[in-house]
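This report concerns only the one structure given below.
The values are calculated or read from the model by the stated rules, or taken from the named source; none is laboratory data. Predicted, not measured: the structure shown is a model, and the values here were computed from it. Cβ coordinates were reconstructed from backbone atoms using ideal geometry, including for glycine residues, and neighbour counts include every protein chain displayed. Ligands, DNA and RNA are stripped out before the accessible areas are found, and what is left, the full protein with its side chains, is counted by its heavy atoms. Shrake-Rupley method; radii C 1.70, N 1.55, O 1.52, S 1.80 Å.
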Amino acid sequence: MQIAAMTDHTGAEVRGLDLGRPVPEESRRALKAAFVKHHVLAIRGQSLSPPQLLQAVTLLGEVFSQHNSRFALPECPQIHYLSNQDHFPDGRRYIPGEGWHTDHSNDTRPPMATVLHAVTLPSRGGDTQFANMATAYEALPQETRLRIAPLIAIHVYQSSHSARKLMALPEASKERVPNAVLHPLVRSHPENGRQSIYINPIRIEGILGLDHKEALPLLGTLLEHATQERFQYRHAWQPGDLVIWDNRCLLHKANGDYDMNERRYLYRVMLQGEVPR
Ligand SMILES: [Fe+2]
């Protein structure tokens, strides 16, 4: 197994590993260490069925129950799909994941990681961008770091300030998704101790103790700072890619920049995280 960094702050490519077969303990440990160090691993050349994918991800953690059951695979409901072939009830095409976000931050224990496995890709485009929130935090002026460190954000399923609308939750999902949760605006990574900005434009409804006139510009400034190109790794998908990323210290976004007559379809599974602190 070879692991090669993609940038000096985020992303590594993994070759010479077949997740469809038993993985030796030594390789599992090396993968885990690379995940904590590089935050995004692109494991090339995989071809996993849903049950194989489920089995493979348990190498790195426990499976998280995703919120919107409408995207669950009927034969393997812990795995959801991402597709460009779904439409809103009014007929508009639904492109999942457009706009910077971190997954399911409206959960009390949001997923540590998200895993995508490419099944069908468009001939070009559809990259996934990642922005490193720890590197971005460290680059903030000291004064801003001190200002935001004690702040607590309110996360909901769909922020009323979000430009991107999500698919509504079916009734069965609503029961287990909290109305709102509170998370710190700056969180510490439980495995490497680094602090990072924890924002999410599609989920944050407000900041405790600040009115919107103060909170929204602050969140806007942080987002603009944190998503500069210098903090990014942009993943160009290849057939057979399995990408796993750390939601605790990254934002990510999809790009609907390809021919929508071409199908883009991936499996998605998430791994359980802890209460952000
Ligand atoms: Fe996402």
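Structure notes:
- Across the protein chains, with a 1.4 Å probe defining accessible surface, the residues Met167, Met260, Met6 rank Met6, Met260, Met167 from largest area downward.
- Note on the range 174-231: with neighbouring protein chains present and a 1.4 Å probe, carbon and sulfur make up 51 percent of its accessible heavy-atom surface.
- Based on Cα atoms of the range 189-277, Rg over Rh with Rh as the Kirkwood radius reads 1.01.
- Choice from Leu54, Leu146, Leu19 with maximal GNM fluctuation in the chain (Cα, 10 Å cutoff): Leu146
- At R0 = 22 Å, FRET efficiency that the Cβ-Cβ distance of Gln52 and Ala172 yields, to 0.05: 0.25
- Extension gain, Tyr265 back to Asn179 (0.36 nm per residue minus Cα-Cα distance, nm): 28.0 nm
- Axial C-alpha extent at least 15 Å, average Kyte-Doolittle at least 0.0 - helices from the chain (DSSP): 212-226
- Dmax and Rg, reported as Rg then Dmax, of the chain (C-alpha, Å): 18.1, 54
- Build a GNM of the chain with springs between Cα atoms under 10 Å apart, and of Ala134, Ala113, Ala30 the one that fluctuates most is Ala30.
- Environment charge at Met6 (Cβ cut-off 10 Å; Lys +1, Arg +1, Asp -1, Glu -1): -1
- Taking each DSSP H run with n ≥ 4 as -39500 (n - 2.57) and averaging over every residue of the chain yields -5500 deg cm²/dmol at 222 nm.
- Theoretical gain in end-to-end length, Lys213 to Arg70 [0.36 nm per residue, Cα-Cα removed]: 47.9 nm
- Backbone N under 14 Å from the Thr221 label point (7 Å along Cα→Cβ), restricted to the range 144-161: 144-149
- In the chain, lysine pairs closer than 25 Å at Cα, eight or more apart or cross-chain: 6
- GNM result for the chain, Cα springs below 10 Å: residue of Ala56, Ala118, Ala172 fluctuating most strongly: Ala172
- For Asp259, the accessible area of its heavy atoms, probed at 1.4 Å with every protein chain present, is near 80 square angstrom.
- Taking every protein chain into account, the 1.4 Å probe leaves Leu182 with about 100 Å² of accessible area, to the nearest ten.
- Accessible area in square angstrom per residue, the chain, 1.4 angstrom probe: 45
- A crude spin-label estimate for the pair Asp8 and Leu60, with each label 7 Å from Cα along the Cβ direction, gives 2.5 nm.
- Calculated FRET efficiency, His161 to Ser123, Cβ-Cβ distance, R0 = 41 Å: about 0.70 to the nearest 0.05.
- Residue-span extension gain [Phe88 to Gln142] - 0.36 nm each, minus C-alpha spacing: 15.1 nm
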